[in-house]
Structures are given as structure tokens and as C-alpha cells.
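Structure, as C-alpha cells:
The values are calculated or read from the model by the stated rules, or taken from the named source; none is laboratory data. What you see is a predicted model; the values in this text were computed from it and never measured. For neighbour counting, all protein chains shown are included, and Cβ atoms are generated from backbone atoms with ideal geometry for every residue, glycine included. The area values use the complete protein model at the heavy-atom level, side chains included, leaving out ligands, DNA and RNA. Shrake-Rupley method; radii C 1.70, N 1.55, O 1.52, S 1.80 Å.
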Amino acid sequence: MKIFLASAFFSMTALLSQSTAATAASSETASASPGWKQLAPLPDPVGWAGMFAGVLDGRLIAGGGSQFPEKPIWLQGTKAFNGRLYALAEPAGKWEVLEAQLPEKIGNAASAATADGIYLVGGIAADGCRATAWVLRSKNGALVAEPLPSLPRPLGYAVAAVVGRRLVVAGGQHNLTDKAATAETWSLDLAAQSEGWTREADLPGPGVFVPCAATDAGGVFVFGGMAFSGDGKLAPSRAAYRFDVARRSWERLPDLPEARVAPASPCARLPDGKFLVIGGYAEVFAGALREHPGFSTQTLTYDPATRQWASGPVLPRAPIGNRDATTDAGPTPMVAAPCVVWRGLAVVVSGEIRGATRTPVVVAWPLANQPIR
């Protein structure tokens, strides 16, 4: 199998979990958990992987990402990056393409959202990883991108979170052609940006890229992702960590039941305090990229109070249609998608659903009336 690096979204496009293949094979008898909803799809016929999302002025905002607009990799398709921004005003409404655009066309930026801003750090463009950082704000009804201090080095496939007044960025890759993931952690004091980025304690272990993040009142959680073993082989991660912002130190948490690479990020916080890990995959798949069977339907929950993992609601899976198409109508499990809690829903926007194949589908799990046992 070819591993595509700078020219393709290799961590999701050329890899898949063997356990996911088993899930796909049994999907004719497995049923999705009742409760999943579909919102209006993105107004793009293909969809995007590596988007970001957040809520500003009550609207769900999403943007960025990458796609193969004309044909997939195995038919010599070319990857394109996105600078457009989309807004959804109501769960029953339709997406609007905004006049404002990102300052650069990027995907897979480390992103975090607060009530008044969506933070984008690093990311991947046509020429590789970026070091730039931005915050999107709503001003007079329009979105405005304000620059933040750039990272010391380019960084893609990382995660970010805001805790208090600090923006924290962890993991990722500096160079897509290197068989290496970084364990570096950086933080930016949002009230003293002129001081620039501060190097924090490294993530324990070898470093990961495309994990998912979550937050509580005082810390940042990092779950799963992809690592590299000592001999340079890909190693899906089951590791879970929490960074205590006040103590500026990492704690190793109980491992995930199985690895999850590129789940939706950040994780939704459920009403009972658990985190919901949606999408992703568990092991490296060595089959032909065109035969990619799809990703895991099984979500996971983590309870920080009891430090226990459990199974969450099963995602819906649609039959695979034309394998040579660049898009899929879904719904189906995804990777490299943003998750946002909005209007009582955990909303997952677009994403990659098989190798080099995106979907414009938007799925949501109702939080209040669908308890997870």
C-alpha cells in the first residue's frame, strides 16, 4: 500500500482500522443507536475533512478543510484546501456560505472555541504545515479574523483547547514527510499575547498526532491519536492524558478500551459530565485504498469522576455506493471532523468517511433526552 504524505491526508486517507473492517462487515446486522439526527448537509457537493467549528452569536460556524474535488487519489485526483466559511442559524435551517473567508486556505488546524472566538493554530496548506494562528470573532454581524502570535514551528494535526485565559496546543506533526509525531505542548496567555507562546511540559510518551481533545474547568484532555514506534512504524494510540493548566503538568489516565485515531474533536461534554468520543479507528489497515471499508461505528465515553471508559451510542452507517466518487451521501462514521455542542446537540460536521472520500453530511446526537448508560 502506498502511504501518501505531503500530497495527501495520509493519516486518514492511507490508514484504517482492522477492527473497523470487521465492524463494516457486520453492519448489515448492527443497528445504529436510536436518537441520531441529520441536520442540513454542507452546501458543498463533496464535503471537507479537517474542518473546524464553533458557535458565535448563536450560529454554528464551520470552515477550512481539504477535499478531492474531481476524483480520488487512485485516479490521480488532486487535493484542494478550503478558505470558505459556513454558518447554520437553526438546527432545522440550511447552511449559509459567508462572504468572509479565512486569511489562508488550510485544513487540520488545531482549533478551540469560546463564547466570543474560534481559535485556529497551525494547520496544513498546499505547501505543508503552517505556523500562523488566528482568532475568528463576530463583529457587527460579520466574521473577522484577527492574527495571533505565530507558533515557533509549523504544526499540523494537533489539538487545542482554551482553559481560563490560556490557549493550549498539544501534539501534531511539524513536517508531514517525517515519520515523527511531536510531544510538544505550547500555551498562549490570551490576556498577554505579546509575550508569545510558552513551552509547557511535553506530553508523556512518544507524541501523537490527530488525537481528540476535551476540557474541564482546569485542564485539557488528550485522547488517542496516532504515534510512531521506535522503528518508525505507525502505532495507533490508546493513551489518555490530562494537562493541569495551573500545575503545568500532565497526568496519564486509564487507556481507551481500544485506540481511536482522528476522532471528532473536541469531544462533546454530556449532561452527566462524561466525554463522548465519536468516530475514528483503531488499527492500521493495509488493504488497497479504494477498498477502504469505513470507520468505526462504536463511540466511547469517558467519565472523569470515576476514570472509567464505556461504550457510547452506535453511529449510523449507510451502504457504500460508487467507490470512485469523491463524495458520499452518508450518513456514515467519519474521521477528521469537528464536534460542537450547540442547541442541546453534539453536532459533527462533514469529515472523511473512507480513504480520500468526504461527505457533506452533518449528524447530531441530542444530549438532554438521550441518556447514555
Checklist entry - Considering only the other residues whose Cβ falls under 13 Å of the Cβ of residue 190, what net charge follows from Lys and Arg at +1 and Asp and Glu at -1? => result -1
Item to check | Span from the the stretch 113-129 Cα centroid across to the the stretch 29-79 one, whole angstrom | outcome: 17 Å
Checklist entry - Using a probe of 1.4 angstrom, how much of the accessible area of the chain is carbon and sulfur, in percent? => result 50 percent
Item to check | Candidate values (i) 26, 23, 22; (ii) 35, 26, 18; (iii) 33, 23, 19, label of the one derived for semi-axes √(5λ) of the Cα gyration tensor in Å | outcome: (i)
Checklist entry - Charges only on Cβ, +1 for Lys and Arg, -1 for Asp and Glu: so what's the dipole of the stretch 98-148 about the Cα centre, in debye to the nearest 20? => result 40 debye
Item to check | Förster-model FRET efficiency, 30 Å R0, residue 193 and residue 126, C-beta, rounded to 0.05 | outcome: 0.60
Checklist entry - Of 100, 51, 85, which is farthest along the charge dipole of the stretch 39-147 in the positive direction, counting Lys and Arg as +1 and Asp and Glu as -1 at C-beta? => result 51
Checklist outcome for this item: Summed over the other residues with a beta carbon less than 15 angstrom from that of residue 71, with K and R at +1 and D and E at -1, the charge totals +2
Checklist entry - Per residue, how much accessible area does the chain have with a 1.4 Å probe, in Å²? => result 38 Å²
Checklist entry - Mean separation of Cα pairs under 8 Å and 6+ residues apart, divided by the residue count of the stretch 296-373: what relative contact order is that in percent? => result 23 percent
Checklist entry - In deg cm²/dmol, rounded to 500, what helix-only [θ] at 222 nm does the chain give when every DSSP H run of at least 4 residues adds -39500 (n - 2.57) and the total is split over its residues? => result -500 deg cm²/dmol
Checklist outcome for this item: Length gained if residue 251 through residue 272 is fully extended, taking 0.36 nm per residue and subtracting the Cα-Cα distance, is 5.3 nm
Checklist entry - In the stretch 67-103, which residues have a backbone nitrogen under 20 Å from the label point lying 7 Å from residue 288's Cα in the Cα-to-Cβ direction? => result 71-78
Item to check | Charge dipole (debye, nearest 20) of the chain; +1 at Cβ of Lys and Arg, -1 at Cβ of Asp and Glu | outcome: 180 debye
Checklist entry - Sorted by average packing, counted as other Cβ atoms within 10 angstrom per residue and highest first, what order do 293-302, 159-168 take? => result 293-302, 159-168
Checklist entry - Near residue 336, within a Cβ-to-Cβ distance under 15 Å, what is the net charge of the other residues, with Lys and Arg +1 and Asp and Glu -1? => result +2
